[in-house]
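These notes are about the structure you will find just below.
The values are calculated or read from the model by the stated rules, or taken from the named source; none is laboratory data. Only a predicted model underlies this, so the values are computations on that prediction, with no experimental measurement involved. Because the Cβ atoms are built from the backbone with ideal geometry, glycine has one as well, and the counts that use them run over all protein chains shown.
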Amino acid sequence: MTGHRPEVADVIAQAGAAYQARYGSAPAQTRILRDLGRCRTAALGGHTQRCADCGHEVTSYNSCRNRHCPKCQAGARARWLAARAAELLPVPYFHVVFTLPAPLGALALQHKRLLYGLLFRAAATTLRTIARDPRHLGADIGFLAVLHTWGQTLQHHPHLHCVVPGGGLASDGARWVACRPHFFLPVRVLSRHFRRTLLTLLRAAYTQGKLQCRGSLAALADPAAWGRWVQALERVEWVVYAKPPFGGPAQVLKYLARYTHRVAIANQRLVAVTDGQVTFHWEDYAHGSRARTMTLDAVEFLRRFLLHRLPRGFQHIRQYGLLANRRRATQLAHCRALLGPAPAVVEPPVAEGAATTTPRDACPQCGTGRLVLVATLPRHPAADPLAWNTS
């Protein structure tokens, strides 16, 4: 189709069968390929609307609602951001990133639920412990953590983005303790504590038999080899990166709009899907975030994309401390009382890909009429764009 922008669904349609032939496909991977390939096509059914003024008709097909789908995140993101806007405090916010070392990334691919969970736990423990230390902040903090498992070229690169208010409650809860301007917590201290905490948790998991090393890591089934492997991890520096602070709530929401509800690659980054090749944009952070393009074999592109499948039901956005679900409302109210009058309400930014027409049912043809539902379209298996079996 003229003017059609390439999508991940096009890669699936062209190379899904070849991917399955080369690698096979676990049920969860099959579900992703099936859902993303059929998203917003006649295969999922849909509805037709007609303008009450000019008679223009619009046919829309249903979304797959798979959380790995590049086309299904805008609505969920907008709703989530609206809820977070009401929780922001009138203080500067900081961005801290915890990265899993490459050797642990290989282990995480075999034990995603366990290792990603330990990454959350170790980072949360580290932030809260160091923040409570009187030598640093001396306060109980709250923060939000978002798991990303990819790098710009779709390689496996698990890391945790943490968004943290610049301060917290004193131990007696009677006052707000602000951090120093433009400085939250020492990165070197965070890095060492993060390494020690995660390796302690990892050793416990191994002792409890929760880690079944196989494939390229099969040698680690031997306790002596495991011990040497962990000791090697103790001798390297772990990456914890503190980015410059945000200016306030408006900047926080702008950041969150970019980083939450993301998938490994957005359709907007795809340049071309032709002749079994996929070309996409990426940023070369090692060279000043220089914009580059990369071309991959389509099957290799799908292999990398599916590396980032999350375990079913795994929560990749979590809140801790003052922002933990069980006490968030009361703790935030107390913090606001200590901080003084709240600033003007900040409107969440429009989610990427979301419609900006107001109202949402306005006719795209005449701009004034209202679209009215006239027909519901059933699922149409014969219109399935996938020419291969994913059942």
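Numbers at a glance
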| item | result |
| --- | --- |
| Residues of segment 209-228 that turn out to be assigned to a loop (DSSP other than H, G, I, E, B) and either surrounded by fewer than 17 Cβ atoms within 10 Å (Cβ to Cβ) or touching a Gly at 6+ places or on another chain (Cβ under 6 Å) (or both), as a count | 5 |
| Any hit, segment 152-168, residues being among the hydrophobic types (A, V, I, L, M, F, W, C), more than 26 Å from the chain's Cα centre (by Cα) and crowded, with 18+ Cβ neighbours inside 10 Å | no |
| Answer from ALA205, ALA178 - the residue that is within 29 Å of TYR93 (Cα to Cα) and touching a residue at least 24 places away in the same chain (Cβ under 8 Å) | ALA178 |
| Pairs with Cβ under 8 Å, 6+ apart, first in segment 249-271 and aromatic (Phe, Trp, Tyr), second at pLDDT below 80 | TYR255/PHE246 |
| Residue match in segment 351-368 (condition: of a type in the set (A, V, I, L, M), modelled with pLDDT of 85 or more and within 19 Å of ARG50 (Cβ to Cβ)) | yes |
| Filter result (touching a Lys or Arg at 6+ places or on another chain (Cβ under 8 Å) and of a type in the set (Phe, Trp, Tyr)) within segment 287-331 | PHE314, TYR320 |
| Flag for TYR93 being within 17 Å of the chain's Cα centre (by Cα) and closer than 25 Å to ARG328 by Cβ | no |
| Residue count for segment 229-250, restricted to those that are surrounded by 12 or more Cβ atoms within 10 Å (Cβ to Cβ), part of a helix (DSSP H, G or I) and out of contact with any Pro (no Cβ under 9 Å at 6 or more places or on another chain) | 1 |
| TRP229 vs. criteria of a type outside the set (Val, Ile, Thr), at negative phi, modelled with pLDDT of 95 or more and in contact with a Phe, Trp or Tyr (Cβ under 9 Å, 6 or more places away or on another chain) | no |
